[in-house]
Amino acid sequence: MAVEDGVWIMRGLDWNNPYRIRTWQELVNWINEVGFLPLFSNGIEGFSAEEHVSPDYWWTGIREEDPWEWREIIAASHQVAYGKFFDQKAGFISLEWLPYFANYRRNGYDFDSRWEDGLAGRREKIIMDMLTGRDDDGEMTFPDDQILSTELKKKAGFGKGRGTTGESLKNFPGITTGLQMQTYLTVADFHRRVNKRGEEYGMAVSVLLPPEALWGYETVTAAYTESPAASYDRIIGRIREQFPGADDTAVCKLIGKQPG
């Protein structure tokens with residue numbers, strides 16, 4: 001996606017191109033083949049969903065053809081992870097590669113440990129406390145009901161209201177994006193809000209949950225046995241394998257810096 005002369009231009013393949021991705025399941029299959037994939041075009045040519053679908057059906061609302069609708073279906077399918085994982089922008093990570101991203105991006109820390117070591121802010125803590133808990137055995141627990149991000153924002157005390165925390169906090173989008181970049185949160189689903197008459201309205205709103213709520217702690221943390229630097233090298237190596245001409249600066253911008 002680019003801006004040319006003030007107009008948004010979507011990149012993609014011709015409708016009749018045999019290599020065009022035609023369904024959301026085909027996109028999932030390709031994500032699993034590549035390993036991880038930004039939604040929109042970026043500094044690495046070919047490394048996006050946008051460049052492999054038709055540019056003509058974005059934001060049409062036709063679920064069978066619209067890649068913007070596909071992202072909702074894919075997130076709800078839980079076949080791959082969806083969230084703001086690449087330079088604070090949306091993308092997908094296969095379940096095979098999610099543990100390596102979690103190990104690298106978390107730098108070996110579960111969120112509780114990050115908080116205890118003073119590496120997480122209070123706003124992050126408030127949000128994570130609303131989405132996770134611990135049972136009597138110390139195992140992670142999660143809400144029984146899905147919470148729309150709009151409701152999570154309100155309950156956590158962000159914006160005009162003071163929510164259940166009695167506070168008025170700022171920058172909910174920035175905080176939740178940061179938690180997704182660190183893989184502490186992922187988009188688990190999308191729902192439309194419901195008015196007093198029980199009718200859906202407006203744009204679909206995301207449901208945020210820790211990836212452990214969807215795929216289990218053992219799956220998400222499976223790469224904790226290696227160093228974060230080793231996981232980073234795996235990720236960079238995968239990009240080099242798939243896109244050998246990728247610019248170093250573009251790769252670092254999308255994935256992040258090597259852990260120190």
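The values are calculated or read from the model by the stated rules, or taken from the named source; none is laboratory data. Small disclaimer: the values here were computed from a predicted structure and weren't measured. A quick note on method: Cβ atoms are made from the backbone with ideal geometry, for glycine too, and the neighbour counts reach across all protein chains shown. Accessible surface areas use protein heavy atoms only, side chains included; no ligands, DNA or RNA. Shrake-Rupley method; radii C 1.70, N 1.55, O 1.52, S 1.80 Å.
Annotations
- Take every Cα pair under 8 Å whose residues are at least 6 apart in sequence, average their separation, divide by the length of the range 111-224, and the relative contact order is 19 percent.
- The average projected area of the range 14-161, computed from the convex hull of its Cα atoms over all directions, is 11.6 nm².
- Cα-centred dipole magnitude for the range 36-190, charges only on beta-carbon of K, R (+1) and D, E (-1), debye, nearest 20: 900 debye
- The solvent-accessible area of Lys153, taken with every protein chain present and a 1.4 Å probe, is close to 80 Å².
- Relative to the Cα centre, the charge distribution of the range 187-260, modelled as +1 at Lys and Arg Cβ and -1 at Asp and Glu Cβ, gives a dipole magnitude of about 360 debye.
- Extension gain, Lys170 back to Arg240 (0.36 nm per residue minus Cα-Cα distance, nm): 21.3 nm
- Cross-link reach is defined here as a Cα-Cα straight distance under 28 Å, omitting same-chain residues fewer than 8 places apart; for Lys89 the lysines meeting it are Lys125, Lys153, Lys154, Lys155, Lys160, Lys170, Lys253, Lys257.
- Taking all protein chains into account, the per residue accessible area for the chain stands at 51 Å² (1.4 Å probe).
- Here the accessible area is traced with a 1.4 Å probe on the protein chains. For the chain, carbon and sulfur cover 48 percent of it.
- For the chain: relative contact order, % (alpha-carbon pairs under 8 angstrom, 6 or more apart): 19 percent
- Once each of the GluC sites (Glu not before Pro) sitting in a DSSP loop with at most 15 other beta-carbon atoms within 10 Å is removed, the chain keeps 200-260 as its longest stretch.
- Per-residue [θ]222 nm for the chain (sum of -39500 (n - 2.57) over DSSP H runs n ≥ 4, rounded to 500): -10500 deg cm²/dmol
- Shape category assigned to the range 19-96 from the gyration tensor of Cα positions, a/c cut at 1.5: rounded
- When restricted to Cα atoms, the chain yields an Rg and a Dmax of 18.9, 59 Å, respectively.
- Relative contact order [Cα under 8 Å, 6+ residues apart], the range 1-78, whole percent: 30 percent
- For Trp68 and Glu96, the FRET efficiency from 1/(1 + (r/R0)^6), where r spans their Cβ atoms and R0 equals 22 Å, is about 0.30.
- Stretch in the chain that is longest and holds no chymotrypsin sites (Phe, Trp or Tyr not before Pro) that DSSP places in a loop and that have at most 14 other beta carbons within 10 Å: 60-260
- Euclidean distance between Cα centres, the range 230-260 to the range 100-157, Å: 27 Å
- Fraction of antiparallel bridges per DSSP, the chain only, in percent to nearest 5: 95 percent
- Dipole magnitude of the chain, debye to nearest 20 (Cβ charges: Lys/Arg +1, Asp/Glu -1, about Cα centre): 1000 debye
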